[in-house]
Amino acid sequence: MSDLSAEHDAAVTDRAILTTSAYSTDRDLSARQSLYQFQTPRYDLPGLVAEQLREVHGTVADIGCGNGKFLCRLRQDRPDLRLLGLDVSPGILAGVPGPVAAADAARLPLRSASLDAALALHMLYHVEHIPAAVSELARVVTENGIVIASTNSERDKAELDRLWERAAGDVLGIEKGPSRISLSARFSLEEAPQLLGEEFARIETIELPGTINVREPGPVIAHMASYRAWAGHHEVPFDETIQRARGILADHIDQHGTFEITCLGGLLICSR
């Protein structure tokens, strides 16, 4: 592992960053989630998760539940389920209807085989030791239980990576600036089956490709600015780079009418 990779992993998994800035509230998470309203096709991700749980009865925990987007949908669609939300950051749980609790995904405060299903949605890349968290997921679900994980592809939103590098390069006075922080790089859609396969015999990957088109810079800039918690690890003045990106975007949209972003995320349905 290179020093750069080690620094990246340390930043993405830093407990202090996760609990005191990145997810102390749901502001930045909501900014990232809101960009998908401009995606075609539109995926009802909470609805897709609910559909995968159609044969599940009993207790379901959303581990790394964030702002409770999936819990709220499940409470609406599946009032028969016993639902629990867990997250490493107490702050982001403040607005999530209970029961909820602060917990570490690598040391879950749950009895073995106590869940009929567990969700680990866009969060395993934040766990310092991913195999330990996968082992915990396997431990807490029943023999016939399922785990639903999600993440993004290594190719997801490559246009935003190039936009950042161009803006950072302009700020630094070089052709191409340093790469931005990539949250899903540690647990990409391509690598996830192998990591989950250490504990689960059957893994079904449901890919969710799409294209985001925006006609004004605001939603993209809000998404990029939502990485402010890691500003110190970007190797470039963060605010100046964001402002330069806004100018580049505005010029692009003036010329082309829209800015297009290619997306690829997915769900991974895991069972024994």
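Please tell me if Glu128 is charged (D, E, K, R) and in a loop (DSSP other than H, G, I, E, B). Explain how you work it out, then say what you get.
Numbers: charged (D, E, K, R): yes; in a loop (DSSP other than H, G, I, E, B): yes.
Criteria met by Glu128.
Quick one: which of Asn152, Asn144 is closer than 24 Å to Pro46 by Cα, over 22 Å from the mean Cα position of the chain (by Cα) and not hydrophobic (A, V, I, L, M, F, W, C)?
Working: Asn152 fails: over 22 Å from the mean Cα position of the chain (by Cα).
Step by step, each of Asn152, Asn144 is checked, and only Asn144 is closer than 24 Å to Pro46 by Cα, over 22 Å from the mean Cα position of the chain (by Cα) and not hydrophobic (A, V, I, L, M, F, W, C).
Gln52 - would you say it is polar (S, T, N, Q), within 30 Å of His234 (Cα to Cα) and modelled with pLDDT of 95 or more?
Values: polar (S, T, N, Q): yes; within 30 Å of His234 (Cα to Cα): no; modelled with pLDDT of 95 or more: yes.
So Gln52 fails the test.
Just the residues that are closer than 22 Å to Pro90 by Cβ and either among the hydroxyl-bearing types (Ser, Thr, Tyr) or buried (at least 17 other Cβ atoms within 10 Å of the Cβ) (or both), please, taken from segment 28-58.
Of everything in segment 28-58, those that are closer than 22 Å to Pro90 by Cβ and either among the hydroxyl-bearing types (Ser, Thr, Tyr) or buried (at least 17 other Cβ atoms within 10 Å of the Cβ) (or both) turn out to be Asp28, Leu29, Ser30, Ala31, Gln33.
Which one is surrounded by the most Cβ atoms within 10 Å (Cβ to Cβ) among residues in segment 103-138 that are more than 25 Å from Ser188 (Cα to Cα) and free of Cβ contacts under 8 Å to residues at least 40 places away in the same chain? Lay out the reasoning, then the answer.
Filtering segment 103-138 down to residues more than 25 Å from Ser188 (Cα to Cα) leaves 109-116.
In the following step, the residues that additionally are free of Cβ contacts under 8 Å to residues at least 40 places away in the same chain were identified as 109, 111-113.
On the way: Pro109: 10, Arg111: 9, Ser112: 12, Ala113: 14.
Checking each candidate, the answer is Ala113.
Condition (residue is of a type in the set (S, T, N, Q), in contact (Cβ under 8 Å) with a residue 12 or more places away in the chain and over 27 Å from Asp44 (Cα atoms)) applied to segment 177-190: is it met by at least one residue?
Restricting attention to segment 177-190, the residues satisfying the condition of being of a type in the set (S, T, N, Q) are 179, 182, 184, 188.
This time we only want the ones that are in contact (Cβ under 8 Å) with a residue 12 or more places away in the chain, so: 179, 182, 184, 188.
Retained after the next criterion (residues that are over 27 Å from Asp44 (Cα atoms)): 179.
The answer is yes; a qualifying residue exists.
Looking only at segment 205-217, decide whether some residue is among the charged types (D, E, K, R) and over 26 Å from Val171 (Cβ atoms). Show your work before the answer.
First pass over segment 205-217, keeping only residues among the charged types (D, E, K, R): 207, 215-216.
Restricting the remaining residues to those that are over 26 Å from Val171 (Cβ atoms) gives 207.
Within segment 205-217 (the criterion being among the charged types (D, E, K, R) and over 26 Å from Val171 (Cβ atoms)), the answer is yes, since at least one residue qualifies.
Looking at segment 103-114, is at least one residue part of a loop (DSSP other than H, G, I, E, B) and touching a Gly at 6+ places or on another chain (Cβ under 7 Å)?
Taking segment 103-114 as the starting set, the residues that turn out to be part of a loop (DSSP other than H, G, I, E, B) are 103, 105-106, 108-114.
With touching a Gly at 6+ places or on another chain (Cβ under 7 Å) added as a condition, the list becomes 105.
Yes, the conditions are met somewhere in segment 103-114.
Filter segment 85-102 down to residues that are free of Cβ contacts under 8 Å to residues at least 60 places away in the same chain, in a strand (DSSP E or B) and not hydrophobic (A, V, I, L, M, F, W, C), then give me how many there are.
1
For residues that are among the acidic types (Asp, Glu) and either without any contact (Cβ under 8 Å) to a residue 24 or more places away in the chain or touching a Ser or Thr at 6+ places or on another chain (Cβ under 6 Å) (or both), scanning just segment 139-162, find the one that is nearest to Phe238 (Cα to Cα).
Step one: of segment 139-162, the residues among the acidic types (Asp, Glu) are 143, 154, 156, 159, 161.
The next check asks that each one be either without any contact (Cβ under 8 Å) to a residue 24 or more places away in the chain or touching a Ser or Thr at 6+ places or on another chain (Cβ under 6 Å) (or both); those that pass are 154, 161.
On the way: Glu154: 23, Asp161: 14 Å.
So the residue we want is Asp161.
List the number of the failed condition for Arg246; all other conditions in (1) touching a helix residue (DSSP H, G or I) at 6+ places or on another chain (Cβ under 9 Å); (2) on the phi < 0 side of the Ramachandran plot; (3) in a loop (DSSP other than H, G, I, E, B); (4) in contact (Cβ under 8 Å) with a residue 12 or more places away in the chain hold.
(3)
If you go through segment 1-59 one residue at a time, how many are hydrophobic (A, V, I, L, M, F, W, C), part of a helix (DSSP H, G or I) and out of contact with any strand residue (DSSP E or B) (no Cβ under 7 Å at 6 or more places or on another chain)? Full working, then the answer.
Step one: list which residues in segment 1-59 are hydrophobic (A, V, I, L, M, F, W, C), which gives 1, 4, 6, 10-12, 16-18, 22, 29, 31, 35, 38, 45, 48-50, 53, 56.
Those left that are additionally part of a helix (DSSP H, G or I): 4, 6, 10-12, 16-18, 22, 29, 31, 35, 38, 45, 48-50.
Checking the rest, the ones that are also out of contact with any strand residue (DSSP E or B) (no Cβ under 7 Å at 6 or more places or on another chain) come to 4, 6, 10-12, 16-18, 22, 29, 31, 45, 50.
Total meeting the criteria: 13.
Given (1) outside any loop (DSSP other than H, G, I, E, B); (2) touching a residue at least 24 places away in the same chain (Cβ under 8 Å); (3) of a type in the set (Asp, Glu), where does Glu165 come up short, assuming only one miss?
Result: Glu165 fails condition (2) only.
So Asp80 fits all but one of (1) part of a helix (DSSP H, G or I); (2) exposed (fewer than 15 other Cβ atoms within 10 Å of the Cβ); what number is the exception?
(1)
The values are calculated or read from the model by the stated rules, or taken from the named source; none is laboratory data. Please read all numbers here as calculations on a predicted model, not as lab measurements. Note that each Cβ is placed from the backbone with ideal geometry, even for glycine, and that neighbours are counted across all protein chains shown.
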